[in-house]
1. Averaged over its residues, how many other protein chain Cβ atoms are within 10 Å of peptide B:91-101's Cβ atoms?
2. Report relative contact order for chain A in percent, whole number only (criteria: Cα-Cα under 8 Å, sequence separation at least 6).
3. Quick check on chain B: of the DSSP beta bridges with both residues there, what percent are antiparallel, nearest 5%?
4. Can you give the angle from 0 to 90° between the axis of helix B:17-29 and the longest principal axis of chain B, with both taken from C-alpha atoms, to the nearest 10?
5. A:THR5's amide H: which non-local residues (gap 5+, or another chain) put their own amide H closer than 5 Å, with H modeled 1.01 Å from N in plane and none for Pro or chain starts?
6. Taking amide H positions as placed in the peptide plane 1.01 Å from N, state which residues far from B:ASP11 in sequence (5 or more) or on other chains have amide H under 5 Å from it.
7. For the protein assembly as shown, what does -39500 (n - 2.57) per DSSP helix run (n ≥ 4), summed and divided by total residues, give at 222 nm, in deg cm²/dmol to the nearest 500?
8. Determine the shape class of the protein assembly as shown: with a ≥ b ≥ c the square roots of the Cα gyration tensor eigenvalues, call it rounded for a/c under 1.5, and otherwise prolate if a/b is greater than b/c, oblate otherwise.
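Derivation of every value follows stated rules applied to the coordinates shown; laboratory data play no part. Computed from a predicted structure; not experimentally measured. Cβ: placed from backbone, ideal geometry, glycine included. Neighbour counts: every protein chain shown.
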2 protein chains.
Amino acid sequence: MKKKTIAIDMDNVIADTVAQYITWYERDHGVRIERTALHGIPELEAFPGGAIRKFLYTPGFFRTVPVMPGAQDAVQQLMEHFEVYIVSAALEFPQSLIEKYEWLGEHFPFISWRNIIFCGDKSIIGTDYMIDDHVKNLDTCKGKTFIYTAGHNIHIDRHTRVNDWKEVVALLMKELQNEKAD
Amino acid sequence: MKKKTIAIDMDNVIADTVAQYITWYERDHGVRIERTALHGIPELEAFPGGAIRKFLYTPGFFRTVPVMPGAQDAVQQLMEHFEVYIVSAALEFPQSLIEKYEWLGEHFPFISWRNIIFCGDKSIIGTDYMIDDHVKNLDTCKGKTFIYTAGHNIHIDRHTRVNDWKEVVALLMKELQNEKAD
């Protein structure tokens, strides 16, 4: 049977982009903003003075983001049963294109270039599943959607919530069981 | 009514990549290979000595490819009636990512970054129409497919053939009429 397809986002899903915001903001402004301060607030507004927008255009930002805990093992596990695509909205920040490609090569070397998609909006991505932190991406997805918890999305309840990679794997393995039972 | 979506390929569709192969090959080897010599042959084999593969990895190759005649006007015309996405298999040649982005900015400045997709394989692209020269991309498309004539694809008959941008526009405008009539 043909494997089902999953689109997995990068920022705040396999990359801990908020950790990088916090580290860089503290480095530049001497103030540590805690994750809880970001709850229910768009990221761009959570850090004062347009700091995030500046970071997003700074060479090296995307290349040095830490990996989201558990993401590497989880993605490898999922790849045994699903066709996994990394789908990242990289086109808004063109300098991120090569940085994201190199970052994937360093941290997810088991993902082929064939399975990487850098896009603008994600509305034409036709996978069976999508894991993303942004509701705008999930809302246009025709497949099953999982919202990966990030401060900015904690009030959203119209997509299945996942809080960490263990939950993602558990839910998708359950999908696989259901499919086999059908 | 929501506009229907079209995925348009870059190389050999809006970019005259074969023209660039011919120019660069003549520049480097002093031999002009005519387009007719490419009929029915995979591009990589049509130019001796692995020349094409070398070109594809050379900085500047993708940045300086000529525009396919008629593509600019045609894409603008189509954008009035369709949601147009440029979908290019850029991930095999990572240096092409930024070059292709800049090339689009120069020659197709009316296309938003939201409508650009750089991918590996195109099997998860879920548009209503796809225009491509490569049968491997068209074969996995669930929408209506148009094969843009290139030497390497002249023997393919399982997709609707288009020989130039005038034909593309004519066929898609007919699709629009049929849709309105339904």
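1. Mean shielding count: 4.
2. Relative contact order comes out at 28 percent.
3. Taking every DSSP beta bridge with both residues in chain B, the antiparallel ones total about 5 percent.
4. Approximately 10 degrees, to the nearest 10.
5. Result for A:THR5 returns A:GLU83, A:ASP128, A:TYR129.
6. none
7. Rounded to the nearest 500, the figure is -10500 deg cm²/dmol.
8. Prolate shape, in that a/c is at least 1.5 and a/b is the bigger ratio.
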